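Below is one structure; the comments refer to it alone.
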Amino acid sequence: MKKVQIINGPNLNMLGKREPEIYGYLTLDEINAKLVERSELLDLELFFFQSNHEGAIADKVHEDFNENFDGIIINPGALTHTSVVLRDALAMMSCPMVEIHLSNVYKREAFRHKSMLADIVTGRITGFGHYGYEMALNAIANMINES
Ligand code: DQA
């Protein structure tokens, strides 16, 4: 079965409680449960990782590289806007990668308009709340099937 890694960065463990008017009322576990349901229809095996630590996320990407993962969906949280570490780690991967944001970062503060990952990921989804994760999974499934 094809393996897809779902990575969530800093503060996303607080979803549901964290500024729900911006990020929604679903917890990360609830979002992940929806993805598992969807993955069964798409015949994909999902692996979940969340960390508040940049280096821990880089370590996970290295594992995914060594284990030849078939796709990555990442919401890097604030690391989106700052992290050369994450950019360099993800740049090693050759599988489809989707950067996803719950909020529409372009409707928010100017510092959120910049992504360190924008030009190394396959594509980006921003502003569709938790639906963005499912959109990303569908896109990755299609890309894997066509490759
Ligand atoms: C976010 C947007 C980021 O700017 C922010 O730092 C987050 C969440 C989003 O999902 O909308 O932590 O990635």
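Of the residues making up segment 104-147, those that are within 11 Å of residue 73 (Cβ to Cβ) and polar (S, T, N, Q) number 2. Among the residues of segment 108-124, those that are open to solvent by 40 Å² or more (accessible area, probe 1.4 Å), assigned to a loop (DSSP other than H, G, I, E, B), out of contact with any strand residue (DSSP E or B) (no Cβ under 9 Å at 6 or more places or on another chain) and more than 9 Å from the ligand (Cβ to nearest atom) comprise 114, 119.
Residue-level check: of (1) more than 9 Å from the ligand (Cβ to nearest atom); (2) farther than 16 Å from residue 12 by Cβ; (3) surrounded by fewer than 18 Cβ atoms within 10 Å (Cβ to Cβ), residue 128 misses just (2). Annotation: residue 80 fulfils all but one of (1) surrounded by 14 or more Cβ atoms within 10 Å (Cβ to Cβ); (2) in a helix (DSSP H, G or I); (3) touching a helix residue (DSSP H, G or I) at 6+ places or on another chain (Cβ under 7 Å); the unmet one is (3).
Scanning segment 138-147 for residues that are buried (at least 19 other Cβ atoms within 10 Å of the Cβ) and more than 26 Å from residue 82 (Cβ to Cβ) gives a single hit, 141. Segment 1-76 holds strands (runs of 3 or more DSSP E) entirely within its bounds, and those carrying 2 or more residues that are within 15 Å of the ligand (Cβ to nearest atom) and crowded, with 16+ Cβ neighbours inside 10 Å map to 2-8, 71-75. When residue 105 is tested against the conditions (1) within 16 Å of the ligand (Cβ to nearest atom); (2) in contact (Cβ under 8 Å) with a residue 40 or more places away in the chain, the lone failure is (2).
The values are calculated or read from the model by the stated rules, or taken from the named source; none is laboratory data. As the structure is a prediction and not an experimental result, all values here were calculated from the model. All Cβ positions, glycine included, derive from the backbone under ideal geometry; neighbour counts span all protein chains shown. Please note that ligands, DNA and RNA were not included when accessible areas were found on the heavy atoms of the full protein model with its side chains. Shrake-Rupley method; radii C 1.70, N 1.55, O 1.52, S 1.80 Å.
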